[in-house]
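Each remark here refers to the structure printed beneath this line.
The values are calculated or read from the model by the stated rules, or taken from the named source; none is laboratory data. Quick caveat: nothing in here was measured; it's all calculated off a predicted structure. Reconstructed Cβ throughout: ideal geometry from the backbone, glycine too, with neighbour counts over all protein chains shown. Note: areas computed on protein heavy atoms with side chains; ligands, DNA, RNA excluded. Shrake-Rupley method; radii C 1.70, N 1.55, O 1.52, S 1.80 Å.
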Amino acid sequence: MLNDDDGLVVAARIVSEAADEAHADLQAQAHDVHRRTGRRLLVHRRNYRQLWKEAGPALRWPLFALPCGLHPYAQVSAAVAVVGSRASRLGQVTDPNPLLARVFEVLDLTTAGWEYGQVRVDTDAAVLADRLISTAGQVLAAIDDPPRLPPPVREVMRRNNTLDVHDPTGPRVVGGINLGARMRESLLV
């Protein structure tokens, strides 16, 4: 259903809406932490890692409770795949730069949640991260003058550790994902 330009616009909107709503949720959570503890947390869309480092266990991963009802492993993941597969058309239907920023934002939320928020890395989460990385690479390749990679992406790219990927229905480890290696191969082309 999302194979034409109208579908690409819808997919781009889904990605942007997920990022916007997750940001608003994190701002509300940071405000709540400040109200309860007096601790002020800064919420920066371009880099959520510091927020998660400071308050990880006190935060709820926002992508599971988006007010719009989108699920990160269903609608958001599918929309990301559509954006990546049709990246060459983005310039004709929308401005690719803000969309790329939102793709990186959702990627940062996903990986920082794994690292600092005790969000479990299962096969669905790994697929989402892989799609976000490959889509970011495809969008970067489609932009004439691509922007610099955001700080959280550069930070993760410097690492070379593999995270266990679990079966979504149980505790069994079924594989691994090396985010740094995957980002280097997709984003440094």
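Brief remarks follow.
- Contacts under 8 angstrom Cβ, first residue in segment 23-34 being within 17 Å of Asp108 (Cα to Cα), partner part of a helix (DSSP H, G or I) and modelled with pLDDT of 95 or more, 6 or more apart: His23/Glu105
- Any hit, segment 98-115, residues being in contact with a strand residue (DSSP E or B) (Cβ under 8 Å, 6 or more places away or on another chain), within 30 Å of Pro171 (Cα to Cα) and either hydrophobic (A, V, I, L, M, F, W, C) or surrounded by fewer than 14 Cβ atoms within 10 Å (Cβ to Cβ) (or both): yes
- Number of the exception - Gln50 against (1) open to solvent by 60 Å² or more (accessible area, probe 1.4 Å); (2) at pLDDT 95 or above; (3) of a type in the set (S, T, N, Q): (2)
- Extreme residue, nearest to Ala11 (Cα to Cα), among residues of segment 53-75 that are aromatic (Phe, Trp, Tyr) and at pLDDT below 90: Phe64
- In segment 61-90, the residues that are free of Cβ contacts under 8 Å to residues at least 60 places away in the same chain and under 14 Å from Glu17 (Cα atoms) form Cβ pairs under 8 Å with partners that are crowded, with 22+ Cβ neighbours inside 10 Å and among the polar types (S, T, N, Q), at six or more places apart or across chains, as follows: Leu63/Thr110; Pro72/Thr110.
- Residue match in segment 76-83 (condition: more than 11 Å from the chain's Cα centre (by Cα), of a type in the set (Gly, Ala, Ser) and open to solvent by less than 10 Å² (accessible area, probe 1.4 Å)): yes
- Test for Arg184: is it closer than 18 Å to Ala11 by Cβ, open to solvent by 20 Å² or more (accessible area, probe 1.4 Å) and of a type outside the set (S, T, N, Q): no
- Conditions (1) out of contact with any Asp or Glu (no Cβ under 8 Å at 6 or more places or on another chain); (2) under 22 Å from Arg184 (Cβ atoms): number failed by Val121: (1)
- Residue identified as surrounded by 12 or more Cβ atoms within 10 Å (Cβ to Cβ) and out of contact with any Phe, Trp or Tyr (no Cβ under 9 Å at 6 or more places or on another chain) among Arg45, Arg36: Arg45
- Filtered residue count, segment 15-42, keeping only those that are under 30 Å from Val82 (Cβ atoms) and not acidic (Asp, Glu): 11
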